[in-house]
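The next block holds one structure in the form of structure tokens; read it before the comments.
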Amino acid sequence: MISLKTANSGLCLTFGKLTVLQHGINNPCLSIGRGQGTYSMDRGNFTIEENLSEKIPLTEYEILEQKEERVIIRFSNQKLWAVIVEFIAKGNFLEVMFTDESSTKQNRLWIRMTAAHDEYIYGCGEQFSELNLRGKKVPLWVSEQGTGRNKKTYTTFQADTAGKGGGDWYTTYFPQPTFVSTARYFCHVEDSHYMEFDFRNPSYHELAIWGIPPKLVIGTAPTMLALLEQLTGYLGRQPELPDWAYDGVWLGLQGGTEIVLAKLKKAQEYGLKVTALWCQDWQGKRITSFGKQLMWNWQYDQNMYPDLPETIRRLNEKGVRFLGYINPYLAVEGHLFKEASEKGYLVKNKAGDDYLVVSTTFPFGTVDLTNPEAVEWIKNVIKQNMIGIGLSGWMADFAEYLPTDAVLFAGDAEELHNRWPALWAKANREAVEEAGKLGEVAFFTRSGYSGTSRYSTMMWAGDQMVDWSLDDGLPSVIPAALSLGYSGFGISHSDIGGYTSLFGVKRTKELFMRWAEHAAFTPIMRTHEGNRPDDCWQFDSDEETLLHFARMSKIYTKLKPYLKEAVKENALRGIPVMRHPYLHYEDDKELSTLKYQYLLGRDLLVAPVIEENKESWRVYLPQDTWVHLWTGQEYGKGYWEVPAALGFIPVFYRKSSPYRGLFEEIKEI
């Protein structure tokens, strides 16, 4: 029910118990304006500036219609600028529609939503540095996440100097105009223009949108869990993963059939549980100044992987799947680029030529995902060249590099830039479904926006640095997963050990081992050799690491029934597999700002060690009876310093868990 109260030339609109807007002459809830944005892209990193012509506060209002389920208000200023706002209540959802009726059409809108002083804000897509966004201003634009992501660090300075690639705390592959409040409501903007969500004012949240959005949706619920169920019901949920996904590590290897099979044999001899080989160079490789990179021509390389379909068949007989790699780009050297170019399937520049973009060191063309024929073409490439030869899955990479001045088959590139990852995920999902392989084949994406949660089968955290840095190393993947969960995407994982090795930063033995411990308590356990494998510690760099990794893989596979149940819950209810503990303990305000520990499913609390040279670790436990996984010692609510030697990541289970017997078996591994 919508309630509208007016007093002293102002108004207050509530939806149920939630105060949505408060409006007055000196505190207008809406402003409108005009501006022109400029976007400069360098290898997927964006510099965005605005030339704002005008910002007009809409101080006057007129109530055009007032009912319990529908309210229409005209906000205006001097009869020259006006927006009609329609509020419609639909059960637990409030839909808010905007119509610009200014004498000169505007392209900027600012909305001020009432804020509570004691609320916490989560979501906005995948946020690597912050979980609670209260006190922050969050830009929402799909881009590379950056290298370093902290303007105070030398690594970020080096990346910025080398090519504007340092990023910042808010840069992300997967922004989303969705936030969740501990006041038990969510807000989602149905639009794909550049936005900024400003949560810094104690009295209101201001949403700045570089367009007039068709709709804003607010949902309310009695609990945070019920709220996520509503949000994911609206945005879309991920399907359950194939059964084979939990049977071991997805082992990231490259170098060709001979090298890959030899490494697999050695790993299995040491007891490593391997359910899949993930070979990103299945379609060829190139060596650049960045490191070992790929050919981006989506068919198997017969020199590196001769008769790959037969190799896959033999691996499948032994219980090992084969996974590959694809992205929506085509390197200019490949025959697929030539074919797509000749058919007019590539994004164009303003001169009508194929728009060539550079990634690190080489140029490529972009498949135009607004062209139905081009989408069918790339789906057929997936179905024939990947699924058709036996691939059980792949990394569906990139989709962040659409230039805003590109010419598309349909639509405006500036408006569609943020939607591009969702279009890419949709093409992959349709290819899998059309091949009749959903439930057998899985793909994982790094970029996203509204809609990705409906199409992608899982996320991975992208290209972290191979270090311990809070903003771009091992620690960053934890708030990334939790914020994704608050944004409606409940299945995510990361490259074990990270990916990016630049400026002398190299993966160490301890980092790999700590990351592997964390990965054993996530939905998917997958390795990546990184961009410079020869500089970085690998799973088989020495015997101790290999034995440690093998043990972690056995722990992970032992958790299979528990993980499957958690993934099923995500598919049915939208409750993320890796979840913020606050979801189950809303009365515990201490949990509100803790971002480096999480619940895996309902019953496991995991607190990864995210600093080097540690033998113990401080953990916070909410009200419950918790059992330390490795010692069996019971703990109650509060902060605890617990032992955390390598191989014994701090993990606790609820004593009342129906999986207690399974958890007790793990400590014997």
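Among the residues of the stretch 167-206, those identified as free of Cβ contacts under 8 Å to residues at least 40 places away in the same chain and not β-branched (Val, Ile, Thr) are 168, 191.
Screening residue 538 on (1) outside any loop (DSSP other than H, G, I, E, B); (2) over 20 Å from the mean Cα position of the chain (by Cα) shows it passes everything except condition (1).
Of all residues in the stretch 479-503, those that are farther than 18 Å from residue 443 by Cβ have Cβ atoms under 7 Å from Cβ atoms of residues that are among the charged types (D, E, K, R) and assigned to a helix (DSSP H, G or I), 6 or more apart or on another chain, in 501/535. Of the residues examined, residue 580 is not one that is at pLDDT 95 or above, crowded, with 16+ Cβ neighbours inside 10 Å and over 25 Å from residue 454 (Cα atoms). With respect to the stated conditions, residue 280 fails to be in contact with a helix residue (DSSP H, G or I) (Cβ under 6 Å, 6 or more places away or on another chain), more than 23 Å from residue 559 (Cβ to Cβ) and at pLDDT 95 or above. With the requirement that a residue be of a type in the set (Asp, Glu) and surrounded by 13 or more Cβ atoms within 10 Å (Cβ to Cβ), what does the stretch 344-388 give you? If the condition is that a residue be of a type in the set (Asp, Glu) and surrounded by 13 or more Cβ atoms within 10 Å (Cβ to Cβ), then 354, 368, 376 are the ones that fit. Which of the residues belonging to the stretch 141-192 are of a type in the set (Lys, Arg), modelled with pLDDT of 95 or more and in contact with an Asp or Glu (Cβ under 7 Å, 6 or more places away or on another chain)? Within the stretch 141-192, 149, 151 qualify. When you scan the stretch 76-92, do you find a residue that is closer than 30 Å to residue 401 by Cα, assigned to a loop (DSSP other than H, G, I, E, B) and at pLDDT below 95, even just one? Within the stretch 76-92 (the criterion being closer than 30 Å to residue 401 by Cα, assigned to a loop (DSSP other than H, G, I, E, B) and at pLDDT below 95), the answer is no, since none of the residues qualifies. The criterion of at least 1 residues that are of a type in the set (S, T, N, Q) and surrounded by 16 or more Cβ atoms within 10 Å (Cβ to Cβ) is met by the following helices (runs of 4 or more DSSP H) wholly inside the stretch 239-343: 257-269, 308-317. Of the strands (runs of 3 or more DSSP E) that lie entirely inside the stretch 350-434, those containing 3 or more residues that are modelled with pLDDT of 95 or more and within 26 Å of the chain's Cα centre (by Cα) span 362-366, 393-396. Look at residue 449 and say whether it is touching a strand residue (DSSP E or B) at 6+ places or on another chain (Cβ under 7 Å), aromatic (Phe, Trp, Tyr) and touching a residue at least 60 places away in the same chain (Cβ under 8 Å). Taking the combined requirement at face value, the residue satisfies it. Among the listed residues 229, 269, which satisfies the condition of being more than 24 Å from the chain's Cα centre (by Cα) and under 30 Å from residue 519 (Cα atoms)? Just one listed residue meets the conditions, 269. Within the stretch 604-619, no residue that is modelled with pLDDT under 95 sits with its Cβ atom under 8 Å from a residue that is surrounded by fewer than 19 Cβ atoms within 10 Å (Cβ to Cβ) and in a loop (DSSP other than H, G, I, E, B) at 6+ positions apart or across chains. Residues in the stretch 551-567 that are surrounded by fewer than 23 Cβ atoms within 10 Å (Cβ to Cβ) and more than 22 Å from residue 657 (Cβ to Cβ): 551 alone. Of all the listed residues (86, 65, 50), the sole one being acidic (Asp, Glu) and in contact (Cβ under 8 Å) with a residue 24 or more places away in the chain is 50.
The values are calculated or read from the model by the stated rules, or taken from the named source; none is laboratory data. Just so you know, these numbers come straight off a predicted model, no measurement behind them. Methodologically, a virtual Cβ is constructed for each residue, glycine included, from the backbone with ideal geometry; neighbour enumeration extends over all protein chains shown.
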